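Encoded as structure tokens, the structure appears first; notes follow it.
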Amino acid sequence: MDAVNPATGEAVESYEDHTEADVDEALDRATDAFEEWKERPLREREQLLENAAEVLRENRREYAEIMAREMGKPIDQGISEIEKCAWGCDHYAENASDYLEPEHHPSPPGSTVKTVYEPLGPVLAVMPWNFPFWQVFRFAAPYVTAGNVGLLKHASNVPGCAVAIEEVFREAGYPEGVFQSLLIPSDLVDDALEDDRVRAATLTGSGPAGRSVAATAGENLKKTVLELGGSDPFVVLDDADLDEAAETGAWARNQNAGQSCIAAKRFIVHTDVYDDFLDRFVDEIESLTVGDPMDEDVDVGPQAREDLMADLHEQVEDSVDAGATVVTGGEPMDREGAFYPPTVLTDVPEGCPADDEELFGPVAAVWEVADDEAAVEKANDTQFGLGASVWTADRERGERIARRIDAGCTYVNQLVKSDPRVPFGGVKESGYGRELSEAGIHEFVNRKTVWIE
Ligand code: NAP
């Protein structure tokens with residue numbers, strides 16, 4: 001696997017792919033490790049997770065630099081991502097025992113009936129490159145602490161991140177085999193999934209990858225959680241604080257160079273404030289600094305790969321050919337590296353890519369709508385259902401609208417974000433299952449009923 005720096009196009013490092021024999025050995029190690037790991041007192045598993053948080057914090061700059069080199073994340077955003085991973089570890093180190101406490105049920109006199117939570121075994125996690133540390137810790141912190149063991153198949157452009165994450169667990173003191181990275185291409189995922197030693201799978205990534213993993217897991221009757229794409233609406237109502245909405249909206253679209261599943265992608269604006277909002281929004285977008293991800297003053301780095309930038313630009317061109325107007329940006333930047341400028345499209349016609357596909361880069365599409373009803377209709381007019389954000393001075397109106405949007409989470413006067421304390425996941429083509437919080441740790445456990453007479 002070859003890591004390539006998207007800011008320069010230069011090779012970073014090459015990693016030897018794991019062979020089928022390596023994978024076989026890793027699965028044996030995972031199976032052996034599981035037998036002992038599941039018997040470890042939960043408190044000890046929580047303590048190891050505390051250690052992992054410490055390792056992450058100690059090495060945050062080093063890990064952020066690997067992300068910057070391999071996928072172009074600006075260094076400050078990388079450091080924040082590592083801190084968030086440590087927070088996720090802290091959360092489960094503090095709360096796993098409560099979340100996994102047996103639940104007692106009403107039962108006839110003289111009997112005790114409860115649900116206990118037991119781990120399933122080795123879980124295969126197929127992960128994307130966009131938040132290369134956070135996506136992994138989001139699954140690993142709860143699932144491994146619940147007593148499962150983890151097998152990571154990371155995206156092929158971030159092998160250095162995969163190796164570094166395995167090292168975090170080793171340095172934290174985890175036994176061998178409890179967390180392993182498999183450096184394999186995606187066409188070896190099915191073989192691993194079909195193997196009896198793998199008990200369940202989770203995938204964060206695109207719809208086609210999710211469908212493929214779900215189909216193979218389905219044939220083998222294995223549980224899956226899928227965290228897929230999104231095209232989140234960002235609804236601005238006529239009583240919204242427009243400065244706040246424009247500033248937050250610009251950041252919600254452009255952080256991580258726009259490569260976030262929960263980025264605001266479709267801006268739906270009430271007609272009475274449309275012009276005012278658009279002016280402010282475009283000013284905010286144009287004030288973002290694009291450049292070298294190693295530079296601490298940079299807001300927007302390169303796209304993670306040249307081919308991904310080419311795909312994004314094709315979506316923009318097809319949307320413009322269909323009638324959309326480019327207000328700012330719209331062409332790859334005239335410099336070395338995969339740099340695409342923050343872009344705003346208006347007059348977006350129905351059915352073009354900016355309307356009904358996910359734009360996984362710094363391109364915002366803006367619509368004008370007549371009223372709340374039209375805003376809800378436009379917000380729901382998508383195959384996706386991940387997150388949504390609604391802006392209004394009236395909290396009750398905001399909640400009413402937020403409740404009518406088909407999404408896994410809706411935020412009023414706030415950008416959509418994941419937080420270890422609250423469930424995260426999608427509906428419709430954004431996937432199924434939940435990560436984080438109590439809901440997340442309950443996804444890969446056997447909820448076993450125990451009846452004692
Ligand atoms: P991707 O191409 O689907 O890749 C994601 C992972 O799946 C990679 O490890 C990839 O391996 C693997 N993969 C690809 N095709 C596969 C197949 N047919 N079978 C098994 N594994 C396969 O997605 P991406 O471009 O890295 O990430 C962007 C997508 O992820 C966007 O749609 C984004 O919205 C979504 N995402 C969702 C969430 C969420 O929480 N809902 C979070 C982040 C990203 P290779 O790299 O080796 O191909």
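All of the numbers you see were taken from the coordinates with simple rules; none came from a lab. Everything quoted here is computed from the prediction, not taken from an experiment. When we count neighbours, we look across all protein chains shown, and the Cβ atoms used for this are built from the backbone with ideal geometry, even at glycine.
Exactly which GluC sites (Glu not before Pro) in region 296-393 are in a DSSP loop and have at most 12 other Cβ atoms within 10 Å?
Counting only loop positions with at most 12 other Cβ atoms within 10 Å, the GluC sites (Glu not before Pro) in region 296-393 are 296, 336, 350.
Just name one of 206, 340, 245: the one whose Cα is farthest towards the positive end of the charge dipole of the chain (beta-carbon charges, Lys/Arg +1, Asp/Glu -1).
Result: 206.
Which of rounded, prolate, oblate describes region 232-375, given a ≥ b ≥ c as roots of the alpha-carbon gyration tensor eigenvalues and a/c under 1.5 marking rounded, otherwise prolate only if a/b is larger than b/c?
Details: a/c = 2.09, a/b = 1.38, b/c = 1.51.
Since a/c reaches 1.5 but b/c is at least a/b, the shape of region 232-375 is classed as oblate.
Got a sec? How would 352, 409, 89 order by Cβ neighbour count within 10 Å, fewest to most? Don't jump to the answer; show the numbers that get you there.
Numbers: 352 20, 409 24, 89 29.
Fewest-to-most ranking of 352, 409, 89: 352, 409, 89.
Fewest Cβ neighbours within 10 Å first, please rank 451, 251, 37 accordingly. Let's see the in-between values first.
Working: 451 11, 251 16, 37 23.
Final ranking by Cβ density, sparse to dense: 451, 251, 37.
In region 131-213, which GluC sites (Glu not before Pro) fall in coil by DSSP and have 14 or fewer other Cβ atoms within 10 Å?
On the way: sites: 166, 167, 171, 176, 194; in loops: 176.
Here the GluC sites (Glu not before Pro) that fit, given the DSSP loop and packing criteria, are 176.
Run the helix sum for the chain: -39,500 (n - 2.57) per DSSP H stretch of 4+ residues, divided by residue count, reported at 222 nm to the nearest 500 deg cm²/dmol.
Numbers: 15 runs with 187 residues, N = 453.
The helix contribution divided over the chain gives -13000 deg cm²/dmol.
Can you give the charge dipole size of the chain about its Cα centre, rounded to the nearest 20 debye, using +1 on the beta carbon of Lys and Arg and -1 on the beta carbon of Asp and Glu? Before the final figure, lay out the partial values.
Details: 38 positive and 94 negative charges, 387 e Å.
For the chain, the charge dipole is close to 1860 debye.
Taking every DSSP beta bridge that has both residues in the chain, what percent is antiparallel when rounded to the nearest 5?
35 percent
Using DSSP loop states and a limit of at most 13 other Cβ atoms within 10 Å to flag trypsin sites (Lys or Arg not before Pro), what is the longest stretch of the chain containing no flagged site? Intermediate results must be reported in sequence, preceding the final value.
Working: sites that count: 335, 421.
Counting at most 13 other Cβ atoms within 10 Å as exposed, the longest clean stretch of the chain is 1-334.
In which sequence would 99, 432, 143 go, from the one with the fewest C-beta neighbours within 10 Å to the one with the most? Spell out each step's value before the answer.
Working: 99 19, 432 16, 143 27.
Ascending Cβ contact count within 10 Å gives the list 432, 99, 143.
Within the chain, what is the number of lysine pairs with alpha carbons under 21 Å apart, leaving out pairs fewer than eight places apart on the same chain?
Final tally of qualifying lysine pairs is 21.
Considering the dipole of region 232-412 built from charges on the beta carbon (Lys and Arg +1, Asp and Glu -1) around the Cα centre, which of 273, 392, 287 is farthest to its positive end?
Farthest towards the positive end: 392.
Using the Cα gyration tensor of region 244-327, with a ≥ b ≥ c the square roots of its eigenvalues, what is the shape: rounded (a/c below 1.5), prolate (a/b larger than b/c) or oblate (neither)?
Cα axes put region 244-327 in the oblate bin.
Could you tell me whether region 19-65 comes out rounded, prolate or oblate from its Cα gyration tensor? Rule is a ≥ b ≥ c as square roots of the eigenvalues, rounded for a/c under 1.5, then prolate if a/b exceeds b/c, otherwise oblate.
Numbers: a/c = 6.62, a/b = 1.25, b/c = 5.28.
It comes out oblate by the Cα gyration axes.
Whole angstrom only: what separates the Cα centroid of region 32-82 from the Cα centroid of region 301-375?
Using only Cα atoms to place each centre, the spacing works out to 34 Å.
Under 5 Å between amide H atoms, partner at least 5 residues away or on a different chain: which partners does residue 328 have, H built in plane at 1.01 Å?
344
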